[in-house]
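Down below is the structure, laid out as structure tokens.
The values are calculated or read from the model by the stated rules, or taken from the named source; none is laboratory data. For clarity, every value in this text was computed on a predicted model and none was experimentally measured. Methodologically, a virtual Cβ is constructed for each residue, glycine included, from the backbone with ideal geometry; neighbour enumeration extends over all protein chains shown.
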Amino acid sequence: MAFLDLKVSNSRRMVLPQMRQQRSGKIIFITSLAGLIGVPYQSFYSASKHAVEGIAKSLRQEVKEFGIHVSCVEPGFVKSNLHNSFLIAPETIEDYNVSRANAIQTFNDSIKNAPEPTAVAETVSKIIYSKNPRMSYKVGIGVKMLAILQLMVSSLFEKGARKKFKLNCLQQHLNCIKTPFS
């Protein structure tokens, strides 16, 4: 997180004085749906995206009076090379091996089958040309619905996420074991 703080702080110091002076500007953060919801086995990625969301929301309030607009583009899965850069901790807990493998495979498949990133670029362009851009722009298949579902009915969202990422394998395995009492 120190890296994130350094990058954002340096960027703010470089662009904000000029924007304040000219009493206008737009700052666009590319975050992720992962900044709004938790993604299994992507906790550090999700945490960093949550942090960027928090910085953007705070900054938006701080600079509004100077005519500076702050927005976040929050894509869901987008075709990219992200899945090729996953790092798995060298010391993993064996109990999670099956569900971790399932989640990573689902994540990889979702990226491979995702829409092209042009929708993200088009959204950035829309923000640039907007007179009064919103704070949040969700991009991708089902992203708006997932964000709303997570806020409104978190238990239903969690159940759906666990099913998508195949995280119920231990429970399913235990249900299949016959005991002398069953």
Review point. Is it the case that some residue within segment 106-125 is modelled with pLDDT of 90 or more, under 19 Å from the mean Cα position of the chain (by Cα), assigned to a helix (DSSP H, G or I) and among the charged types (D, E, K, R)?
Key: yes
Check your understanding: Can we say I88 is under 15 Å from the mean Cα position of the chain (by Cα) and either at pLDDT 85 or above or not aromatic (F, W, Y) (or both)?
Key -> no
Check your understanding: Taking interchain pairs and intrachain pairs at least six residues apart, which have beta carbon atoms under 9 angstrom, with the first residue in segment 118-136 and farther than 11 Å from P75 by Cα and the second surrounded by fewer than 13 Cβ atoms within 10 Å (Cβ to Cβ)?
Key -> I127/R134
Exercise for review: Could you please give the count of residues in segment 134-146 that are buried (at least 17 other Cβ atoms within 10 Å of the Cβ) and assigned to a loop (DSSP other than H, G, I, E, B)?
Suggested key: 1
Review point. Any residue at all in segment 72-79 that is under 20 Å from the mean Cα position of the chain (by Cα) and among the aromatic types (F, W, Y)?
Key: yes
Check your understanding: Within segment 45-55, is there a residue that is buried (at least 18 other Cβ atoms within 10 Å of the Cβ), in contact with a Phe, Trp or Tyr (Cβ under 6 Å, 6 or more places away or on another chain) and assigned to a helix (DSSP H, G or I)?
Key -> yes
Revision key, fill the gap. In the set G67, G54, G35, G76, the lone residue that is in contact with a Lys or Arg (Cβ under 6 Å, 6 or more places away or on another chain), closer than 30 Å to K159 by Cα and at pLDDT 85 or above is G35
**Study point:** Hits in segment 56-79 (condition: charged (D, E, K, R) and surrounded by fewer than 20 Cβ atoms within 10 Å (Cβ to Cβ))
**Key:** K57, R60, E62, K64, E65, K79
Study note, to complete from the structure: Restricted to segment 1-32 and to residues being at pLDDT 85 or above and part of a loop (DSSP other than H, G, I, E, B), the residue farthest from S110 (Cα to Cα) is R23
